[in-house]
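The values are calculated or read from the model by the stated rules, or taken from the named source; none is laboratory data. Given the structure is predicted, the values throughout are model-derived calculations rather than measurements. Don't worry about glycine lacking a Cβ; one is built from the backbone with ideal geometry, like all the others, and counts go over all protein chains shown. For accessibility, only protein heavy atoms count, side chains too; no ligands or nucleic acids. Shrake-Rupley method; radii C 1.70, N 1.55, O 1.52, S 1.80 Å.
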Amino acid sequence: MSDRWHEQVAEKAGVETSRVETILRKRNIRTRLGARPARKLRITAVRFSGEKKGKASGRIDFSWDGLGDGVWAVASDGTNLVGKSTVLEIILWSLRGEVKSLQGDVRKWLEHVRVDFALDDQPFAIDFAVTKGVPKGRLVRLRPDGSEDAKDGFETHAAFAATMSDFMMEALDLDPIPYQLGKDEAAQVAEHGWKALAGGLYLWGAHTRLLGDTDFGGLPARILQIYVGLPWASTVMQTSTALKDLGTEDARARAVQKTASELSAKAVEQVEKDLSDARERLSKLSDNADFARLVDGLAEAVVEATNAYNEIERRLADAEDEERKLRAAKDADEREARDIRETFVASSFFNGLQPTCCPRCEAVVTKDRIKREQTDFSCSVCTESIPAEKMEDVNERLAEADERAAATKAAFDRAAASVRELKGHVKIARDGMAAARDALAAAPASSDLRKRRDIELEIAGLEGKLEAHSESAEEPEAAPDRPVVAAAHDLAKSAMDAAANELLTTLNAEVLKLAQRFGVVTLEAVEIDAQARMQLRKGGASMPFGEVTKGERLRLRIATAVALLRVGKVLGVGRHPGLLVVDSPGAEETDDSNLEALLKELRSVAEEVSLQVFVSSAKASEVLTLLAPANCRVAAKGEYLW
């Protein structure tokens, strides 16, 4: 479907393809085409130092190097609160850029943290000082000669989180997860980023959900869909959020219309009350036929002039409202054209530079290469082809933007001219109304007759106001983007559902097999749906994921995470980076053999699928029987691990 994506959306929505492209780009909706294979994320070293305070005095100096694939453990011999989880939390803090559950006192003890990691074979490090719990440091890429290339820096918690989120989302080729925050006209679009997706890497038994830390915004389903590489899942997320956003826009328009209607209704009620009062006062005055004949013509002229003035004022108000809307549309279209043109100019500037040497190795760029760049459209530095369609796409977009800007400007100019013309008519009508009233005022009248004339003028004005309010406020028009976004959502959802059936069937079989290997021996069947809800059959009974024991939940979560990695790798569509952090897998067990079985199978699976797993346990003897001593850090009896 992706080959004719825009054409199919255009056919379903009944609009031009160019219009589809503009709307989807404006609404941040795109397809996932040609995603590269998932990258491996590996921790290679963990170091931190500081000074304990209070009763736990002494230096902190922890260093763990040579890390790679396989299972790695921090353990103690039956003792808790010795710093096992701290090691895992510091790893998570460094990768996420945001503290998860690291205790406040330990954070204040820390002075320096460095975690080295690799993306595939490219080494990086996050290195930061800690002052009163606040990080200040940088993210660096490690060159082959040992020098460091700074990628980004930070001095606050928020900046640290932003640095790691931006880097990891791009490096791991992950899409942000859009969702709607708030309700009705107050709702707005927000995004789950790396912090949320990193929840799929950290596992412990107390979790009541299969993936992630929260159900908010449908997060578990989104993590499942992204990490398993479900085709079209990102597009469905984007279109679903865009439809909600369109609903919010409609709700805001309806709220404005409702407010205007309520204000109009209150005004009508007051005018009708005033009109009834004026008519009652008029009925109590004595009649005078002579005066009536004398001023009848003048009074009629005043009424006609007043009605004409009210009508022209109403038309002016409508024209000014139309002018404001067209001005906003004109400004938006001109801004879009200007943005495209500025991007084009910047690109043209840099493309116009003529390199003399390679910026990497300083090898001279020969005249022959420069000549081939002009004739064969191949880069004079790296010899890669320069696609002409890049410039063509910019030209097409610029032409479309200029055409829209010109059209909205012309419409705005016409509206502005109409406003100017109507303002002139208003002045003429106002002058005519004043002249008619002056003529009527000059007519002779007794006290009662003048009162009658004044009341009749009052009634005429009130009737004019009532007529102006009689036209109810128009219902707001539906957003013009909705048919396109709805068509895009329906097509993407159909494609995703078709792919999900086969993909989830494969995933369920893999989870069942792995969970049985990890010790859930009575498990008979597993069914995970596209919303990351797990239903299972165990011991002849069906039950949801949240009703099994904590130990079984942990094993099922580990099995699911590994299955996501394995299925995605086999099908070439997954995004899971192959790193898991498992806190206290034996904490809920009464039988040590359960922990041994889990670690044994986890070690085997890590070798099978190229996986890195960090675990913590208070059962050091069981851990050491299954893992090599080099893969373990064990706290001495009565001592901290660091």
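Of note:
- Being touching an Asp or Glu at 6+ places or on another chain (Cβ under 9 Å) and under 22 Å from V605 (Cβ atoms) is a property that holds for G70.
- Scan the stretch 527-551 for residues that are under 15 Å from L211 (Cα atoms) and either touching a residue at least 12 places away in the same chain (Cβ under 8 Å) or out of contact with any Asp or Glu (no Cβ under 9 Å at 6 or more places or on another chain) (or both) and the total you get is 12.
- Within the set R222, R143, the sole residue that is of a type in the set (K, R) and surrounded by 19 or more Cβ atoms within 10 Å (Cβ to Cβ) turns out to be R222.
- Top-ranked residue of the stretch 534-560 - restricted to ones that are basic (K, R) and open to solvent by less than 50 Å² (accessible area, probe 1.4 Å), ranked as nearest to L599 (Cα to Cα): R555
- Verdict on K136 being open to solvent by 50 Å² or more (accessible area, probe 1.4 Å), on the phi < 0 side of the Ramachandran plot, touching a residue at least 24 places away in the same chain (Cβ under 8 Å) and not aromatic (F, W, Y): no
- Matching entry among G68, G104, G146, G83 (being farther than 22 Å from E51 by Cβ and modelled with pLDDT under 95): G146
- Qualifying residue in the stretch 171-181 (condition: modelled with pLDDT of 90 or more and touching a Gly at 6+ places or on another chain (Cβ under 7 Å)): no
- Residue ranges of strands (runs of 3 or more DSSP E) in the stretch 1-94 with at least 1 members among the basic types (K, R) and open to solvent by less than 40 Å² (accessible area, probe 1.4 Å): 41-52
- Within the stretch 163-183, the set of residues being touching a residue at least 40 places away in the same chain (Cβ under 8 Å) and under 21 Å from L579 (Cβ atoms) comprises T163, M164, S165, M168, A171, L172, D173, L174, D175, I177.
- In the stretch 542-642, counting only helices (runs of 4 or more DSSP H) that sit wholly within it, the ones holding 3 or more residues that are over 22 Å from A532 (Cβ atoms) span 592-609, 620-626.
- Of all the residues in the stretch 118-174, those that are over 15 Å from A198 (Cα atoms) and in a loop (DSSP other than H, G, I, E, B) number 11.
- Within the stretch 399-419, residues that are touching a residue at least 60 places away in the same chain (Cβ under 8 Å) reach partners that are open to solvent by 50 Å² or more (accessible area, probe 1.4 Å) and part of a helix (DSSP H, G or I) with beta carbons closer than 6 Å, at six or more positions or on different chains, in the pairs A401/E336; A405/E334; F412/R327; A415/E322; V419/E320.
- Qualifying residue in the stretch 581-601 (condition: crowded, with 17+ Cβ neighbours inside 10 Å, within 29 Å of the chain's Cα centre (by Cα), in contact (Cβ under 8 Å) with a residue 24 or more places away in the chain and under 30 Å from T79 (Cβ atoms)): yes
- Neighbours by Cβ (under 8 Å, 6+ apart or cross-chain): first from the stretch 625-642, under 19 Å from D65 (Cβ atoms) and at pLDDT 90 or above; second among the charged types (D, E, K, R) and crowded, with 19+ Cβ neighbours inside 10 Å: A635/K84; L641/K84; L641/R633
- Annotation: of all residues in the stretch 175-198 being out of contact with any Lys or Arg (no Cβ under 6 Å at 6 or more places or on another chain), outside any strand (DSSP E or B) and of a type in the set (D, E), the one that is farthest from G572 (Cα to Cα) is D184.
Conditions (1) open to solvent by less than 70 Å² (accessible area, probe 1.4 Å); (2) assigned to a helix (DSSP H, G or I); (3) at pLDDT below 85; (4) more than 12 Å from E323 (Cβ to Cβ), marked per residue:
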residue: A407; (1), (2), (3), (4): yes, yes, no, yes
residue: R414; (1), (2), (3), (4): no, yes, no, no
residue: R420; (1), (2), (3), (4): no, yes, no, no
residue: K427; (1), (2), (3), (4): no, yes, no, yes
residue: A435; (1), (2), (3), (4): yes, yes, no, yes
residue: A439; (1), (2), (3), (4): yes, yes, yes, yes
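- Hits in the stretch 314-358 (condition: at pLDDT 80 or above and farther than 23 Å from K409 by Cα): R314
- Residue in the stretch 259-280 that is basic (K, R), in a helix (DSSP H, G or I), over 21 Å from K451 (Cβ atoms) and at pLDDT below 85 present: yes
- For the stretch 146-166, a tally of residues being hydrophobic (A, V, I, L, M, F, W, C), over 15 Å from L92 (Cα atoms) and open to solvent by 30 Å² or more (accessible area, probe 1.4 Å) returns 3.
- Residue in the stretch 101-112 that is open to solvent by less than 50 Å² (accessible area, probe 1.4 Å), touching a residue at least 40 places away in the same chain (Cβ under 8 Å) and either touching a helix residue (DSSP H, G or I) at 6+ places or on another chain (Cβ under 7 Å) or not hydrophobic (A, V, I, L, M, F, W, C) (or both) present: no
- Taken over the stretch 113-133, the criterion of being open to solvent by 10 Å² or more (accessible area, probe 1.4 Å) and farther than 27 Å from K52 by Cα is satisfied by A118, D120, D121, Q122, P123, F124.
- Test: residue in the stretch 199-214 that is in a helix (DSSP H, G or I), in contact (Cβ under 8 Å) with a residue 12 or more places away in the chain, within 15 Å of P178 (Cβ to Cβ) and open to solvent by less than 30 Å² (accessible area, probe 1.4 Å): no
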